1. Considering (1) within 17 Å of residue 107 (Cβ to Cβ); (2) more than 16 Å from the ligand (Cβ to nearest atom); (3) of a type outside the set (A, V, I, L, M, F, W, C); (4) touching a residue at least 40 places away in the same chain (Cβ under 8 Å), say which one residue 58 fails and leave the rest.
2. Out of (1) surrounded by 13 or more Cβ atoms within 10 Å (Cβ to Cβ); (2) within 16 Å of the ligand (Cβ to nearest atom), what's the single condition that is false for residue 36?
3. Residues of region 63-81 being under 28 Å from the mean Cα position of the chain (by Cα), more than 11 Å from the ligand (Cβ to nearest atom) and either within 15 Å of residue 135 (Cβ to Cβ) or without any contact (Cβ under 8 Å) to a residue 24 or more places away in the chain (or both), which ones?
4. Being within 19 Å of residue 158 (Cα to Cα) and either in contact with a strand residue (DSSP E or B) (Cβ under 8 Å, 6 or more places away or on another chain) or not charged (D, E, K, R) (or both): is that true of residue 219 here?
5. Which number in (1) surrounded by fewer than 23 Cβ atoms within 10 Å (Cβ to Cβ); (2) in contact (Cβ under 8 Å) with a residue 12 or more places away in the chain; (3) part of a helix (DSSP H, G or I) marks the one condition that residue 7 misses?
6. If I go through region 265-283 residue by residue, how many of them are assigned to a loop (DSSP other than H, G, I, E, B) and within 13 Å of the ligand (Cβ to nearest atom)?
7. Quick check on my filter: what residues within region 308-349 are of a type in the set (Gly, Ala, Ser) and part of a loop (DSSP other than H, G, I, E, B)?
8. Yes or no: region 89-110 includes at least one residue that is of a type in the set (Ser, Thr, Tyr) and either more than 23 Å from residue 253 (Cα to Cα) or at pLDDT 95 or above (or both).
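The values are calculated or read from the model by the stated rules, or taken from the named source; none is laboratory data. Note that the coordinates shown come from a computational prediction; the quantities given were computed from them, not determined experimentally. Every residue, glycine as well, gets a Cβ built from its backbone with ideal geometry; the counts of neighbours run over all protein chains shown.
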Amino acid sequence: MADLVRLARHDDIAVITIDNPPVNALSPGVPEGIETLLHGAAQDSHIRAIVILGAGQTFIAGADIREFAKIVSGERPRISLDPFLRAIEDCLKPVVMAIHGAAFGGGLETAMAGHYRVIASDAQVGQPEVKLGLIPGAGGTQRLPRLAGVAKAVEMCAGGQPIRAQEALELGIVDRLLKGSLVEGAIAFAREIASKVPRKTRERDERLRDAAPAIFGFAREKARKLGRGMTAPLAAIDAVEAATRLPFDEGCRREAELFDECLYSPQSRALIHAFFGERTVAKIPGLPKDVKPAEIHRAAVVGAGTMGGGIAMTFANAGIPVIVKETAADALDRGMNAIRGNYAKSAAKGRLSQADVEQRLARITPQLTYEGFEQADILVEAVFENTVVKKQVFAEISKIAKPGCVLASNTSSLDIDEIASATARPEMVIGTHFFSPAHVMRLLEVVRGRGTAPGVIATAMALGKKLGKIAVLAGNCPGFIGNRMVGPYLREAQFLVEEGASVEQVNQALYDFGMAMGPLAMDDMAGLDIGWAIRKEFARFEKPGVRRPRVPDLLCELRRFGQKSGRGWSLYDADRKSSPDPETAALAEKTAKEFGIERRIILDEEIVDRCIYALVNEGARILEDGIALRAVDIDITYIYGYGFPAWRGGPMFYADTVGLNNILMRIQELQRKHGSDLWSPAPLLERLAKEGRSFVDFDT
Ligand code: T1G
């Protein structure tokens, strides 16, 4: 095994390089290796100062996240990084940390134990541990406020967002920005400071005194709002607050206590599952190794509606010129006005400069013809959700498209093979299901058809990453992964309203569970007419006599399509703020009477069980059918596409935490009450439960 750490002498400067690809994580052997070489260099009389840096793409990206599961399972002891960091901080010769790429988590904590820090101008530093349900556990909550001030340290540790090099310099986290060669710049800097007395960050208390107590109260309020349900951000605030109240060593002990509470919490396991899941979904087993994604330099979108416009923005935001075509001038104008409006909102929030906005708008070419489509590397159809309409568009674009051009449909549920049958090149057809608003939502559901070529799958998955999306590959069936599961989830929510729960109770119960919004609120946001069109499209597959929700169709017949028409399940004002609609409640009561549905008091627990277990059960069927490659693909789909709380790990991981046997028993109870057509346990769920296994086991 190549050395994880090595030392090179540059005359009077020692350079210690960490070489633990891919991200120089502090895996077992790395801290030990650094400490050994540091000790040697400190003893070497020729050496006046020491530089520590990372090989490859980045400085240290943190502790080795893979080790946490082993610690929690007891497979390996929790080893504190503190002695290693003190060895650096107490080194008698100046230690300069040279940062490039990312200094995240334990990486920034290691850097702050150094006496000086220099950084490449495009690098980032941060304490993203809360995204893993953890807090900085190696002195970060104690050293960062001493360098950056308390307010910024709270923001970075509780929010987890990295900052750029320039801001790190302005804050005093780093001492110099380097352009050009990092190692040469660092060595030159080390020579400059070699004769200075090493500064120990832990002794730099001056910035702790400027902490206004209100900082912590405000931060907790913000954390409860932005990290609703998450415990780690609050623990991070407690730890930084401890730094302002306790001497360094005691502050570190308090940090370690809070860290352990997080480490052994289910939230951390769920968020680490989501972290690796986000990377796993990009791996497509069975794709031939020699299949390489094609480059996408130009794109074209058919349809400038809500989805088409958002998709065009997504390409433009990624630097890809895009044509957007409509059939009528007024529709095109509406589409372009919506795009300009979205950019204006981003500029108003300071997320984009006016120059950025103009640059992105310049990449979007609105038009009423297919002119230029023949030059595109991908054509995306984003027209009305109807198979006949989509096939017509595919028949047209497949005649124009150049050889090798990917033909993609943004359908959210229709048959990709049926759509592909309208072309002479079904091997180039694939589903690219964006989520509304397409320029914001991170999920991209890539749907392979029976004939889709491996190269087209590879291209769509790589394009997803280039567009800043998390691409998940799904097989072709009605609704693919996401919408196929949302069907039973919404069905149960709608049934519960007919059975006596209020719309608000159903929404609140799932919101309190952690969903970004309740199921009926989501239905109203997406538009009840979408579900209506899909139900009509698939009515022929429905088994006669099986109970189905009545109220949603009645609302649609009354032209109540949700937010877009000011009322649906709820009422909406001009700012789309919702309020209870007594007419919906009356409609549910009347429907129940008409169809003999018993009305009763319903507890939140039943609402959550029925909606979430409907998701899990359908998820298990999707795995059986091979529509999803792994259970984690379903989890990532729901976390990034449907607002499922990441701190619960996604529906399948959540099911594992409840225990599949418990879920099976509850579903069998619902089966006895509501019948097998609505509630029969998926065979995979039954099998795993009987074998005492989990969905995570199923994936491994
Ligand atoms: N540990 C183990 N594996 C890691 C890792 C880590 N810290 N970071 C990345 N990987 C793996 C990843 O799974 C993938 O593997 C490969 O590296 C490339 O990653 C004590 C408690 C640095 C910005 O949270 O944000 O320090 O899929 O695809 O897009 O207080 O990785 O190839 O098999 O993401 O170029 C805190 C996590 C840890 C940073 C690079 N640190 N990493 O992005 O590559 S907790 C983090 C990232 C901690 C201390 C605490 C990103 C990156 P595979 P990638 P990338």
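1. (2)
2. So the condition that residue 36 fails would be (2).
3. 70, 73
4. Numbers: within 19 Å of residue 158 (Cα to Cα): yes; either in contact with a strand residue (DSSP E or B) (Cβ under 8 Å, 6 or more places away or on another chain) or not charged (D, E, K, R) (or both): yes.
The answer is yes for residue 219.
5. The single condition residue 7 does not satisfy is (3).
6. Residues flagged as assigned to a loop (DSSP other than H, G, I, E, B) and within 13 Å of the ligand (Cβ to nearest atom) within region 265-283 amount to 3.
7. Listed by number, the residues that qualify are 318, 319, 328.
8. Yes, the conditions are met somewhere in region 89-110.
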